[in-house]
Every structure is written in structure tokens, then in C-alpha cells.
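Here's the structure, in C-alpha cells; my notes come after.
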Amino acid sequence: AEQPTAFGWYHLAWVVLVVLLLRGAWQLRALPRRRQDQVLVAIAVTQLLFEIGKQLLYLTSELEDDYWWFVFPLQPCSVGMFAMLVTGLLRPGKVKSAFEAFMVFYALYFGMSAIVYPTAIFSTYYAYVLFQSPFHHALLVTAAGYLLMCHRVAPTWRRFAQGTAVFAACCVSAVIINIATHPYFATHETDGILNAFYMGPYELWDIPLVGWIVAGKGWAAYLMFYLPSMVLLAFAAWAVAALAWKAMRVETAALIAPTETEPTGEYTTSIGT
């Protein structure tokens, strides 16, 4: 298939679809808490099924000399899919709360960045992937937006710290996986290596601006720019969403009334909790 371009008709069509998906999520905001979790699980399972289809495509395609390890689902956007599934399945508690915060802070940014600037997700000739990838990121934005609409994550530093803790755990796990699998890639001819979460240390992601600043300066310099930039951009994405939510003036205040349940600023809905 012909590769779409950023800000072309195909890109703009996905922007419109994200708006429609968020509108649909808005209609489901007053569901009881258990039903909200079922919505998250349904979205995550949909993503997972399409992701399995993509993996099978790259495993069996005659256009590839070998499996393209870059697409292995251990990158920020695919981790958002797993986090969403965990969020929907866990019982209420600190762990579930942390994964909810990760979805709103980090998965929202991962999804929004690809939708706003889709060059990376359009860099393929596979028609299936040209649909699956933007659809996947659109669902990330939808799920994160849904959690905001349901007042599941309050705008507090405590919740930001919870989400960042999950992000940090993902980063540490990714480095361990990258190092543990490197002997395989060092002794086998493969198409690329498993660079989980773009954490290195054997391959560094050419991030716009950051890649230019740290070019040739090594892994430590890369992490010094990569990790803070991810945290700051994730916070910025959440801040924009939080401001947008407040600007709505909560026209359904009678349906969903945020109720403070503890002095830390944890919020829940007034129905279905």
C-alpha cells in the first residue's frame, strides 16, 4: 500500500476518528465502576487481537528476510495496551490506582504523540499495519480519556508519582530484557535487535531533537535526555487533557460528581463505586 503522509487526508481522518471515539466514551462515563473496567478490558482485548495479527504478518511475510524485532510488543505504546488490560482486571487498590495513573499520564502521551505526528506509524507498506497502528494509538487516547471522564484519576502530584513509578518499573525491566537477550542477537543474524522501551544500551532511538543533542555521546547521555523528556511530555499531555476536562464545565454534574475520599486528592464517581 502507498505510505500516507503526515497531515494528509488519511492522517486527518484518524484525527476525526479519535474525536468520535472520545465522544462515544463520553456517553459511557456514568457507568458503574465495574462496567467501566469492562470497557477498558474490551478496548485492550481489541488492541491485543489486532496486535497478534500484526505479529503474525511480520512472522510470515515474504517481504522480510527475518522477523523485524522493532515491532515486538515491548515498546511504550504496546505496554500501554497491557497496562490497560491490567487496569481493567485488577481489584481496587494501590496497584490498580498506579496503573490508572500510568494510563492517564503516559499512555495518553504515547497515543497522542503518534496521532499528532504519525510519521513513524505510517512508515510501512503493509495495508494491515497502516490501519492497525493508528487504530491502536487512537484506542490508547480513548482509554486514557475515558479514565479522565470517569474521574478515576485526580490532578494531584501523588497520582503523577504513581504513574511515574510504573513508567520507571517499565524502564528498568526493559533494560534487563535488552541486556539478557543481547547474547542471542550477537550470535544470530537477525533484522535488528530487541530494543524494548527504546531504552538501549545496544541501540539508541533516534528521537527528534534528543537524538540530535546526544548524537555520539553514548548511552548515559541518551538516558539523561530521554527519560526526563518522556516524563515532562507525559505530564504536559495530561495537563492539557485536565484543562480540557475543566473547560467542559462538567455539564453532567448531577450524573458524575467528583467526591474527595481522602486528603491526598483521590477522586471517585458518586455512582457505581
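The values are calculated or read from the model by the stated rules, or taken from the named source; none is laboratory data. All values derive from a computational prediction rather than experimental measurement. Heads up, the Cβs are rebuilt from the backbone with ideal geometry, glycines too, and the neighbour counts pull from every protein chain shown.
Observations on the structure shown:
- Taking first residues from region 1-27 that are at pLDDT 95 or above and of a type in the set (D, E) and partners that are in a helix (DSSP H, G or I) and surrounded by 12 or more Cβ atoms within 10 Å (Cβ to Cβ), no Cβ contact under 6 Å between residues at least 6 apart in sequence or on separate chains turns up.
- Whichever residue in region 54-95 is of a type in the set (D, E, K, R) and touching a Ser or Thr at 6+ places or on another chain (Cβ under 9 Å) and, among such residues, is nearest to T124 (Cα to Cα): K54
- Residue that is nearest to A44 (Cα to Cα) [pool: residues in region 82-108 that are buried (at least 24 other Cβ atoms within 10 Å of the Cβ) and of a type in the set (A, V, I, L, M)]: M84
- Any hit, region 140-153, residues being surrounded by fewer than 19 Cβ atoms within 10 Å (Cβ to Cβ), out of contact with any Cys (no Cβ under 9 Å at 6 or more places or on another chain) and outside any helix (DSSP H, G or I): yes
- Test: T252 is modelled with pLDDT under 60, farther than 25 Å from Y58 by Cβ, in contact with a helix residue (DSSP H, G or I) (Cβ under 7 Å, 6 or more places away or on another chain) and not in a helix (DSSP H, G or I): no
- Residue count for region 8-44, restricted to those that are touching a Leu at 6+ places or on another chain (Cβ under 7 Å) and either assigned to a helix (DSSP H, G or I) or among the polar types (S, T, N, Q) (or both): 4
- Test: residue in region 161-181 that is within 30 Å of R34 (Cβ to Cβ), surrounded by 19 or more Cβ atoms within 10 Å (Cβ to Cβ), touching a residue at least 24 places away in the same chain (Cβ under 8 Å) and in contact with a His (Cβ under 7 Å, 6 or more places away or on another chain): no
- Residue under evaluation T5, criteria (1) of a type outside the set (K, R); (2) in a helix (DSSP H, G or I); (3) out of contact with any Pro (no Cβ under 6 Å at 6 or more places or on another chain), criterion not met: (2)
- Residue list for region 207-234, filter: surrounded by fewer than 12 Cβ atoms within 10 Å (Cβ to Cβ), among the hydrophobic types (A, V, I, L, M, F, W, C) and either at pLDDT 85 or above or assigned to a helix (DSSP H, G or I) (or both): W212, A220, L232
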